[in-house]
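The values are calculated or read from the model by the stated rules, or taken from the named source; none is laboratory data. All figures in this text were calculated on a predicted structure; none of them were measured in a lab. Neighbour counts run over all protein chains shown; Cβ positions are idealised from the backbone, glycine included. These accessible areas exclude ligands, DNA and RNA; they are computed on the full protein's heavy atoms, side chains included. Shrake-Rupley method; radii C 1.70, N 1.55, O 1.52, S 1.80 Å.
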Amino acid sequence: QVQLVESGGGLVQPGGSLRLSCAASGSIFSINAMGWYRQAPGKQRELVAAISSGGSTNYADSVKGRFTISRDNAVNAVYLQTNALKPEDTALYYCYADLLSTRYWGQGTQVTVSS
């Protein structure tokens, strides 16, 4: 079994920054892609950013230039640096990890952007 635990969410003012972290543990041989989704109240879950095992990245248009995804394969972790946050970034952020043919999810960390 594989567990993902996120941290780093919180309340921040517009223009502020947060660094989200997600650590995977359990029966891990190798992780393929990792990434982050988010879901705001009343909206569908959307992909924010993803990173391959080799370090290739892709981002939602809405966060390009503001968010940066990275990973540390040595500790099976993925990070999301969020800068220039906007109220519309408010959501529950979920990390995921793809192992073989299974996608594992974390429980989510809340990001609230408000003055």
Long-range neighbours under 6 Å by Cβ, at least six apart or interchain, first residue of a type outside the set (Val, Ile, Thr) within the stretch 96-115, second open to solvent by less than 50 Å² (accessible area, probe 1.4 Å) and in a loop (DSSP other than H, G, I, E, B): ALA97/ILE31; ASP98/ALA33; LEU99/ILE31; GLN110/GLY9
Matching option when the condition is open to solvent by less than 50 Å² (accessible area, probe 1.4 Å) and acidic (Asp, Glu), among ASP72, ASP98: ASP98
In the stretch 101-115, which residue that is in contact with a helix residue (DSSP H, G or I) (Cβ under 7 Å, 6 or more places away or on another chain) and farther than 23 Å from GLN3 by Cβ is most open to solvent (accessible area, probe 1.4 Å)? SER114
Pairs with Cβ under 7 Å, 6+ apart, first in the stretch 71-87 and in contact (Cβ under 8 Å) with a residue 60 or more places away in the chain, second open to solvent by 60 Å² or more (accessible area, probe 1.4 Å) and not in a loop (DSSP other than H, G, I, E, B): TYR79/ARG19; GLN81/ARG19; GLN81/THR68
Only one of GLN81, GLN39 is touching a Lys or Arg at 6+ places or on another chain (Cβ under 6 Å), open to solvent by 20 Å² or more (accessible area, probe 1.4 Å) and farther than 14 Å from SER17 by Cα. Can you tell me which? GLN39
With the structure loaded, tell me whether ARG38 is in contact with a strand residue (DSSP E or B) (Cβ under 8 Å, 6 or more places away or on another chain), over 28 Å from GLN13 (Cβ atoms), assigned to a strand (DSSP E or B) and not hydrophobic (A, V, I, L, M, F, W, C) or whether it fails that test. no
With criteria (1) part of a strand (DSSP E or B); (2) surrounded by 14 or more Cβ atoms within 10 Å (Cβ to Cβ), LEU11 comes up short on (2)
